[in-house]
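Enquirer: Before we start, here is the structure in question, set down as structure tokens.
The values are calculated or read from the model by the stated rules, or taken from the named source; none is laboratory data. Note that the structure is predicted; figures quoted are calculated from it, not measured. Virtual Cβ from ideal backbone geometry, glycine too; neighbours counted across all protein chains shown. Heavy atoms of the whole protein, side chains included, go into the accessibility calculation; ligands, DNA and RNA do not. Shrake-Rupley method; radii C 1.70, N 1.55, O 1.52, S 1.80 Å.
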Amino acid sequence: MPDTTPPKHIAIIMDGNGRWATQRGLPRSAGHKKGVNALKDVVKFCAKEKIEVLTVFAFSSENWKRPKQEVEVLMDLFLSALKSEVDELHVNNVTLKFIGDRNGFPSKLTDMIRNTELQTENNSGLKLFVAANYGGRWDIVQACRHLADDVLNGKLSVSEIDESRISDQLSLSECSEPDLFIRTGGEQRISNFLLWQCAYSELYFCEDLWPDFSPAHLQKALQWYAGRQRRFGLTTQQIESH
Ligand code: IPE
Ligand code: IPE
Ligand code: MG
């Protein structure tokens with residue numbers, strides 16, 4: 001019997017913007033712009049459906065290696081999307097937070113991120129995490145550094161380091177781990193997204209390019225998720241006798 005509890009936390013790799021644009025003879029930037037619209041619709045849908053947490057991968061630590069012009073377009077787009085969307089997010093009771101290494105962003109963007117986070121921090125609806133300059137390996141490294149510091153300062157002994165202490169130092173420590181992981185764009189890889197946090201997520205891959213992804217596509221993923229049985233290492237019999 002599958003577990004029919006809807007996911008509390010959905011994580012999405014929004015992939016395929018460039019290909020969407022190229023297929024139409026447009027510059028890649030057009031795909032990124034259209035991708036922002038797709039995200040707006042998905043956020044509204046999640047807020048309405050009472051999903052607790054949505055984490056989206058917007059820019060990986062590896063994406064700096066893209067052509068300078070594309071990186072600039074993306075930075076400008078983050079800034080303009082934040083400016084134009086913050087009020088609506090606030091009205092929809094969404095809390096917006098960024099995860100990732102903020103060093104390296106233009107200072108205007110860092111300021112805007114901070115303002116948006118402050119404006120929405122007391123909202124009680126959907127928690128939206130945007131992963132930008134994020135890498136799963138970066139996340140684990142920064143957690144290790146915190147713990148090593150605590151050991152050096154005598155706040156923690158080595159034998160006290162366990163999974164929960166590592167989790168506590170990672171991004172997203174304040175919420176439950178992703179139940180459903182979605183990647184659009186046809187690739188079946190994690191590309192350094194939430195490596196630790198997705199240990200037991202259900203993985204859903206679809207061919208749709210991100211700018212084409214709509215709430216109807218998300219509903220399809222939710223239906224697929226409703227058919228999964230999450231066993232966390234137990235047997236089916238153990239799960240069903242509970
Ligand atoms: C995802 O779309 C957005 C970012 C990585 C910023 P891509 O830009 O990777 O699109 P494709 O995969 O090249 O089509
Ligand atoms: C992952 O997509 C990062 C984001 C969607 C932001 P990429 O397009 O960068 O991943 P690879 O390079 O295909 O693995
Ligand atoms: Mg891609």
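Enquirer: Just from its helices, what would the mean residue ellipticity at 222 nm be for the chain, if runs of 4 or more DSSP H residues each count -39500 (n - 2.57) and the sum is divided by every residue, rounded to the nearest 500 deg cm²/dmol? Write out the running numbers ahead of the final one.
Expert: On the way: 8 runs with 107 residues, N = 242.
After summing the helix terms and dividing by the residues of the chain, the value is -14000 deg cm²/dmol.
Enquirer: For the chain, with the dipole built from +1 on Lys and Arg beta-carbon atoms and -1 on Asp and Glu ones, taken about the Cα centre, which of I10, V53, T22 lies farthest toward the positive end?
Expert: Checking the options against the dipole of the chain, the answer is T22.
Enquirer: Filter the trypsin sites (Lys or Arg not before Pro) in segment 148-215 down to the DSSP loop ones having no more than 11 other Cβ atoms within 10 Å, then list what survives. Intermediate results must be reported in sequence, preceding the final value.
Expert: Numbers: sites: K155, R165, R183, R189; in loops: K155, R189.
Passing sites in segment 148-215 are K155, R189.
Enquirer: Right, something else. How high is the relative contact order of the chain, given as a whole-number percent (alpha carbon pairs under 8 Å, six or more residues apart)?
Expert: Values: 371 pairs, mean separation 74.4, N = 242.
That works out to 31 percent.
Enquirer: Continuing with the same structure: Give me, ordered by chain and number, the residues 5 or more places off T55 or on other chains with an amide H under 5 Å from its own placed amide H.
Expert: The list, which skips near neighbours in sequence, is I10, A11, I12, F129.
Enquirer: Set Lys and Arg Cβ to +1 and Asp and Glu Cβ to -1, take the dipole of segment 179-242 about its Cα centre, and tell me which of C206, A221, Q237 lies farthest positive.
Expert: Looking along the dipole axis, the top candidate is Q237.
Enquirer: Please identify the GluC sites (Glu not before Pro) of segment 150-233 that satisfy two criteria: DSSP loop assignment and at most 16 other Cβ atoms within 10 Å. Which are they? Walk me through the numbers on the way to the answer.
Expert: Details: sites: E160, E163, E174, E187, E202, E207; in loops: E174, E187, E207.
Answer in residue order: E174, E187, E207.
Enquirer: Continuing with the same structure: For K127, give me every one of the lysines with a C-alpha distance below 24 angstrom, ignoring sequence neighbours fewer than eight places off in its own chain.
Expert: Within the straight-line limit of under 24 Å, K127 reaches these lysines: K8, K33, K34, K40, K44, K48, K50, K83, K97, K108, K220.
Enquirer: What distance in nm separates the two pseudo spin-label positions at L156 and A199, each 7 Å out from Cα along the beta-carbon direction?
Expert: 1.5 nm
Enquirer: Based on alpha-carbon centroids, what's the gap between segment 163-242 and segment 35-75 in Å, whole number please?
Expert: Between the Cα centres of segment 163-242 and segment 35-75 lies a distance of 17 Å.
Enquirer: With all protein chains present, how much of the accessible area of the chain (probe radius 1.4 Å) comes from carbon and sulfur, to the nearest whole percent?
Expert: Values: 6550 of 13000 Å².
Percent of accessible area from carbon and sulfur atoms in the chain: 50.
Enquirer: With a Förster radius of 35 Å, plug the Cβ-Cβ distance of T4 and D76 into 1/(1 + (r/R0)^6) and report the FRET value to the nearest 0.05. Present the calculation step by step, with values, prior to reporting the outcome.
Expert: Numbers: r = 43 Å, r/R0 = 1.22.
Computed FRET efficiency for T4 and D76 comes out at 0.25.
Enquirer: I would also like to ask the following. Below 8 Å, C-alpha to C-alpha, sequence gap of six or more: please give me the relative contact order for segment 102-174 in percent.
Expert: On the way: 22 pairs, mean separation 19.7, N = 73.
For segment 102-174, the relative contact order is 27 percent.
Enquirer: Can you tell which of V141, V91, L74 lies farthest toward the positive end of the dipole of the chain, using +1 and -1 charges on the Cβ of basic and acidic side chains (Lys, Arg; Asp, Glu)?
Expert: The residue sitting farthest along the positive end of the dipole is L74.
Enquirer: Might you report the magnitude of the Cβ-based charge dipole of the chain about its Cα centre, with Lys and Arg at +1 and Asp and Glu at -1, to the nearest 20 debye?
Expert: Values: 29 positive and 32 negative charges, 142 e Å.
Charge dipole of the chain: 680 debye, to the nearest 20.
Enquirer: Go through segment 85-93 residue by residue and turn each phi into a ³J(HN,Hα) via Karplus (6.51, -1.76, 1.60, θ = phi - 60°); whole Hz please, and just put x for glycine and proline.
Expert: In residue order, the calculated couplings are 9, 4, 5, 5, 4, 4, 4, 7, 6 Hz.
Enquirer: With an 8 Å Cα cut-off and a minimum separation of 6 or more residues, compute the relative contact order for segment 103-242 in percent. Please list the in-between numbers first.
Expert: Working: 84 pairs, mean separation 26.8, N = 140.
Value for segment 103-242: 19 percent.
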